[in-house]
Number of protein chains: 4
Amino acid sequence: MRKITIVTTGGTLEKVYDDATGTLVNRHSNVAHMLSGLRLEETRLCIHELMNKDSLHMTDEDRELILSTVRGVLGEPGITGVLVLHGTDTMCVTGEKLCAELAGLAVPVILTGAMRPFEMKDSDALQNLTEALFATSVLAPGVYVVSHGRALRFPGVVKNREKRTFEHV
Amino acid sequence: MRKITIVTTGGTLEKVYDDATGTLVNRHSNVAHMLSGLRLEETRLCIHELMNKDSLHMTDEDRELILSTVRGVLGEPGITGVLVLHGTDTMCVTGEKLCAELAGLAVPVILTGAMRPFEMKDSDALQNLTEALFATSVLAPGVYVVSHGRALRFPGVVKNREKRTFEHV
Amino acid sequence: MRKITIVTTGGTLEKVYDDATGTLVNRHSNVAHMLSGLRLEETRLCIHELMNKDSLHMTDEDRELILSTVRGVLGEPGITGVLVLHGTDTMCVTGEKLCAELAGLAVPVILTGAMRPFEMKDSDALQNLTEALFATSVLAPGVYVVSHGRALRFPGVVKNREKRTFEHV
Amino acid sequence: MRKITIVTTGGTLEKVYDDATGTLVNRHSNVAHMLSGLRLEETRLCIHELMNKDSLHMTDEDRELILSTVRGVLGEPGITGVLVLHGTDTMCVTGEKLCAELAGLAVPVILTGAMRPFEMKDSDALQNLTEALFATSVLAPGVYVVSHGRALRFPGVVKNREKRTFEHV
């Protein structure tokens, strides 16, 4: 039985449509809805809804909070992996920080997000979430971005805005 | 065989996700994609992509253009109905104009749109398009909004912003 | 406010996947699930789950039961339309019977079904249900098949197996 | 750049709806359609459509053909992983055979399938395909079933019919 905690912070993946303004906003986490479409055997999932932010608006304090939250989760007995749902624009800033400050990792810490919101028909959200959850079982301890079929290990991961994906520098 | 022309003007129904900015925009018509999910027997459809505008940005000139376009379509031989895809915010302004200026209608002219873009999983776009296409076969000549299970005939149709639907005054 | 009763009898539209045998079966009505994807203003819906049969297996007794059920619904105060969800293979047998035996109709009685189950991604079920619900508001009293963009009035409607749709003889 | 070959054999995952008979059948591979919904960076995919069979109907000759096909693919220059799409009922028979006869593997050979066809709305096919493709990048050489969030290595994998998933004996 694997035990995974998902820390949600917002980002495009979790944006929902606001009918009143006709715009996409981070209002609440919809990860539970995403998970309802997946079958995960021998898995115990915890969801920790930490914040609902476009990652362009994340502050240093927000990143400190993410770091301390992940550290706390890593201290829980039996934990086998941590997932952080995060906006893609500054995902690598957070990833580098987690990589630098989390010493002696025993399990993988995986960041993922999406280029198109889960609420859109043609979204990469469920693919990335599926890959990231699977990755917690098979990757060596470390901090990663998992997305679009790949696991990229920190340090040295960046967003390629033109290709709208992640890559190693 | 019925012969219907769909005049597209943009609006929420046709908004698409712009990955670069993370916003929803009117860029091109996606009515052909919507139609690919429907089975319509004994129907000949023409698509006339007129403009791609949020209806809040429509000018008097735009409405003149819609009027003259619909008038032109109504003059085509064998036409049995006209559909106008339109943003909901000023749909009723356009509807009142068409109602006032199109005298002696021989077929129904139907406006429809959506509260949520077709590209979103939980959209009312396909329902409204399905109803509007069906309505062209069964409604008496006149100008209507067709949406959310109802046909509302002009004059006297307004958008109820709170309920996010249309109603008679 | 319109008041519609949906009488469900099974058919392809309502077939569900049986994981144990890997086949599609009529086990329970899923019309409530279908309706959850539609927005219907000013509508009061009743669902009457009558039977769950492939229409190839319907007996004379089944058709008597459908007739008496529809007759009962038509006697309810304020009813504005009746919908019968039915397998397509013998839908026209039932339609002819309803047409012959329901004298003096005050509202439309509409039969609909699907060529592919609602549970399949590429299904005509939701389109036909959307059209049939809309049709109850706009058709004259009579017995009809509503499907694939058209309303066909009994008597004289048949299934065209090759084209997999309905038509007038 | 990873280079993966997908060998398709049929099974529930690839069953399609036959409108004429109203049943689910293995007629052609739909893996290309499934892949169109995924974004896979730095990946070169080959599809080898080998057969279209319910795995209950697979013969010893069929399994010999699968073995020789996989062996051939493994001999291609630059190959980094092989995926076999297979019905779940006898997937483990094929897996044990591949495990026993493919000596000295340099890359992972992964079998996957689905409990519900991809064509159904509520299917596990895309999840399993997503996981299996991701797994080719991260698993050690060996023969596996990848499904429902897990990688299970042969020998010793069986289908649990009651739970409708796979597990180690």
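The values are calculated or read from the model by the stated rules, or taken from the named source; none is laboratory data. These numbers come from a predicted model, not from an experiment. Cβ coordinates were reconstructed from backbone atoms using ideal geometry, including for glycine residues, and neighbour counts include every protein chain displayed. SASA here: full protein model, heavy atoms, side chains in, ligands and nucleic acids out. Shrake-Rupley method; radii C 1.70, N 1.55, O 1.52, S 1.80 Å.
Under the convention that each Lys and Arg Cβ holds +1 and each Asp and Glu Cβ holds -1, the size of the dipole of region A:1-102 around its Cα centre is about 380 debye. Evaluating 6.51 cos²θ - 1.76 cosθ + 1.60 at θ = phi - 60° for every residue in region A:78-88, the Karplus couplings come out as x, 5, 10, x, 10, 10, 10, 7, 8, x, 7 Hz, glycine and proline recorded as x.
The residues of region A:18-149 expose, per residue, 38 Å² of accessible area to a 1.4 Å probe. Rounded to the nearest Hz, the phi-derived 3J(HN,Hα) couplings of region D:92-108 under the Karplus curve 6.51 cos²θ - 1.76 cosθ + 1.60 (θ = phi - 60°) are 6, 5, 5, x, 5, 5, 4, 4, 6, 9, 9, 8, x, 4, 9, 9, x, where x marks glycine and proline. In this structure the amide hydrogen of C:K3, modeled in the peptide plane, comes within under 5 Å of the amide hydrogens of C:R44, C:T80, C:G81, none closer than 5 places in sequence on its chain. Ordering B:L67, B:L40, B:P117 by the projection of their Cα atoms onto the charge dipole of chain B, which places +1 on the Cβ of Lys and Arg and -1 on the Cβ of Asp and Glu, puts B:L40 at the extreme positive end. Amide H contacts of A:L111 (H built 1.01 Å from N, in plane; Pro and chain starts excluded): A:V84, A:Y144, A:V145, A:V146 sit under 5 Å, all sequence-distant by 5 or more or on other chains. Positive contributions from Lys and Arg (+1) and negative ones from Asp and Glu (-1), summed over other residues with Cβ under 14 Å from the Cβ of C:T130, come out at -1. Of the residues D:E76, D:E162, ranked by 1.4 Å probe accessible area with the largest first, the sequence reads D:E162, D:E76.
Considering the rotation that superimposes chain C on chain A, the residue of C whose beta-carbon lies nearest the axis, and that distance in Å, is C:K121, 6. Computed about the Cα centre, the dipole magnitude for the protein assembly as shown is approximately 0 debye when only Lys and Arg (+1) and Asp and Glu (-1) carry charge, each at its Cβ. Taking every DSSP bridge with both residues inside region B:33-169, close to 50 percent are antiparallel. Taking every DSSP beta bridge that has both ends in the protein assembly as shown, the antiparallel portion is near 35%. How much of the pair distance distribution for region D:44-169 lies past 20 Å, counting alpha-carbon pairs only, in percent? So the pairs more than 20 Å apart make up 39 percent of the total in region D:44-169.
Near B:H48, the amide H atoms lying under 5 Å from its own belong to B:I6, B:V7, B:T8; only residues 5 or more places off or on other chains count, and H is placed 1.01 Å from N. Shielding value for A:130-138 is 6, the average number of Cβ atoms from other chains within 10 Å of each residue's Cβ. Across identical copies of the chain, A:R27 has label-point separations of 2.5, 3.5, 4.2 nm, listed in ascending order, with the point defined 7 angstrom from Cα along Cα→Cβ.
Find, to one decimal place in angstroms, the Kirkwood hydrodynamic radius of region A:47-86, where the mean of 1/r is taken over every pair of different Cα atoms and then inverted.
It is 11.1 Å.
Just to check I understand the Karplus step: with θ = phi - 60° and J = 6.51 cos²θ - 1.76 cosθ + 1.60, what whole-Hz values come out for region B:29-38, glycine and proline as x? So the Karplus estimates, Gly and Pro as x, are 6, 10, 5, 5, 5, 4, 5, 5, x, 10 Hz.
With its label point defined 7 Å out from Cα along the Cα-to-Cβ axis, D:P155 lies at 4.8, 7.3, 8.7 nm from the matching points of the other copies, in increasing order. Take each residue in B:118-124, count the other chain C-beta atoms within 10 Å of its C-beta, and the mean is 6.
Each part reduced to its alpha carbon centroid, region A:151-169 and region B:43-82 end up 46 Å apart. Accessible-area rank, largest first, for B:D124, B:D60, B:D54: B:D60, B:D54, B:D124, with all protein chains present and a 1.4 angstrom probe.
Please give the FRET efficiency for C:E167 paired with C:A106, using the beta carbon to beta carbon distance and R0 = 25 Å, rounded to the nearest 0.05. Intermediate results must be reported in sequence, preceding the final value.
Values: r = 27 Å, r/R0 = 1.09.
So, using R0 = 25 Å, E works out to roughly 0.35.
As a test of the formula, what do you get for the protein assembly as shown when each DSSP H run with n ≥ 4 contributes -39,500 (n - 2.57) and the sum is divided by the residue count, at 222 nm and rounded to the nearest 500 deg cm²/dmol?
Working: 16 runs with 180 residues, N = 676.
-8000 deg cm²/dmol, from helical runs alone.
The other copies place their C:L105 label points at 2.6, 6.3, 6.7 nm from this one, listed shortest first, where each point is 7 Å from Cα along Cα→Cβ.
Kindly identify region C:1-43 as rounded, prolate or oblate by the Cα gyration tensor criterion: order the square roots of the eigenvalues as a ≥ b ≥ c, call it rounded if a/c is under 1.5, otherwise compare a/b with b/c, prolate if a/b is larger, else oblate. It is prolate, given that a/c is not under 1.5 and a/b is the larger ratio. The mean count of C-beta atoms from other chains within 10 Å of the C-beta of residues in A:145-151, rounded to a whole number, is 5.
Leaving out ligands, DNA and RNA, what percent of the accessible area of the protein assembly as shown is carbon and sulfur, probe 1.4 Å?
Details: 13570 of 26130 Å².
The C+S portion of the solvent-accessible surface of the protein assembly as shown is 52 percent.
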